[in-house]
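S.K.: Questions regarding the structure given below will be posed in turn.
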Amino acid sequence: MKREDGFRMAHGAGKICWNLLLISLGSVLCALSINGILIPKGFYGAGFTGIALLVHYVAPALPVALIYLTINIPLFGVGWKYVGRRFFYYSIVGMLIFTAAVEWVHFPVPVNDQILNALLAGILMGTGSGIILKSQGSAGGLDILSVVLLKRFSVRLGSTILAFNVAVLTAGAILFTLEKALYTLVYLYVNAHMVNVMITGLSQRKAVQIITPQWEDIAQHIMRDMHRGVTILNGQGAYSGKAEKILYTVITFRELAVLKRLIADHDPDAFVVVTDTLEVMGQRIGNQPHW
């Protein structure tokens, strides 16, 4: 076996182990939310987990893990067709790990206040779901549908989760109590926000536009020192009629302070506009997960 082949095999095995670790850690956090808060407090849950909880409340003899596993089976055809084979296989393993965690991980959460329970459950579930989606798979359920909509229509993951759960919340309010539904609404909002934070919020990109007479020097430093691409746009001042060069670049949040210092060193009077980005696609600066 060639040395390069051995390195690729080791690298591939390491990546598989890392993805399985992310799925396992995320599943444990989700199980803590479900078994430690949602079920004891009678909350309804999110996505397919929410459906499983509603069925469990109606028929307590049916375990949540079994219900979740059963309703996931038809959805995997969607993951196979629209997302990819790698995502499909990881999601099958992820669903099994998630189901096992829900079945076996039981840890009571000693919090009595219902609002605090809803907030904590949302943080745990959203963080767990986000960690799972940072891998190259999912835990099944609404995660598959969310990834399909993100890849095909650029619908944010948390937005899909929040919209889907309106139906679950309405069903819970009709079947059980409105009070529990309102507490669950708090949980759902926090859950959706945490998923967005975990997927894109922690890798936020900044788009920067710079207007300065020193545009050539600044552009060279951005490319040479920061290793970021720069696009030079042609502009014209509306009042002066003077032609201007506008630098456009996309950087990470951590690089913003470096870029500000670089600009100030060359032209303290430069006109700079910094804007947030929703998502960025590209090999070097993109922040979309590689599902």
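All of the numbers you see were taken from the coordinates with simple rules; none came from a lab. All values derive from a computational prediction rather than experimental measurement. Virtual Cβ from ideal backbone geometry, glycine too; neighbours counted across all protein chains shown.
The rows are residues; the columns are (1) free of Cβ contacts under 8 Å to residues at least 40 places away in the same chain; (2) of a type in the set (Ser, Thr, Tyr); (3) crowded, with 21+ Cβ neighbours inside 10 Å.
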| site | (1), (2), (3) |
| --- | --- |
| Tyr189 | no, yes, no |
| Met194 | no, no, yes |
| Ile211 | no, no, no |
| Ala219 | yes, no, no |
| Asp225 | yes, no, no |
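S.K.: Give region 134-176 a look and list any residue that's among the β-branched types (Val, Ile, Thr) and either over 13 Å from the mean Cα position of the chain (by Cα) or part of a helix (DSSP H, G or I) (or both), or say none. Working first, answer last.
M.R.: Residues of region 134-176 that are among the β-branched types (Val, Ile, Thr), as a first pass: 144, 147-148, 155, 160-161, 166, 168, 170, 174.
Correct list: Ile144, Val147, Val148, Thr160, Ile161, Val166, Val168, Thr170, Ile174.
S.K.: Collect the residues in region 146-163 that are crowded, with 21+ Cβ neighbours inside 10 Å and not small (Gly, Ala, Ser), keeping them in residue-number order. Before you say what the answer is, go through the steps one by one.
M.R.: To start, the set of residues in region 146-163 that are crowded, with 21+ Cβ neighbours inside 10 Å comprises 146-147, 150, 157-158, 160-161.
Passing the criteria: Val147, Leu150, Leu157, Thr160, Ile161.
S.K.: Next up: Looking for something aliphatic (A, V, I, L, M) and assigned to a helix (DSSP H, G or I) - is there at least one such residue anywhere in region 78-88?
M.R.: Restricting attention to region 78-88, the residues satisfying the condition of being aliphatic (A, V, I, L, M) are 78, 83.
Within this subset, residues satisfying the condition of being assigned to a helix (DSSP H, G or I) are 78.
Yes: region 78-88 contains one or more residues that are aliphatic (A, V, I, L, M) and assigned to a helix (DSSP H, G or I).
S.K.: Would you please name the residue that is surrounded by the fewest Cβ atoms within 10 Å (Cβ to Cβ), looking only at residues in region 238-262 that are among the polar types (S, T, N, Q) and under 17 Å from Met223 (Cβ atoms)?
M.R.: From region 238-262, those among the polar types (S, T, N, Q) are 240, 249, 252; that's our starting set.
Subsequent filtering for residues that are under 17 Å from Met223 (Cβ atoms) retains 249, 252.
Numbers: Thr249: 21, Thr252: 16.
The selected residue is Thr252.
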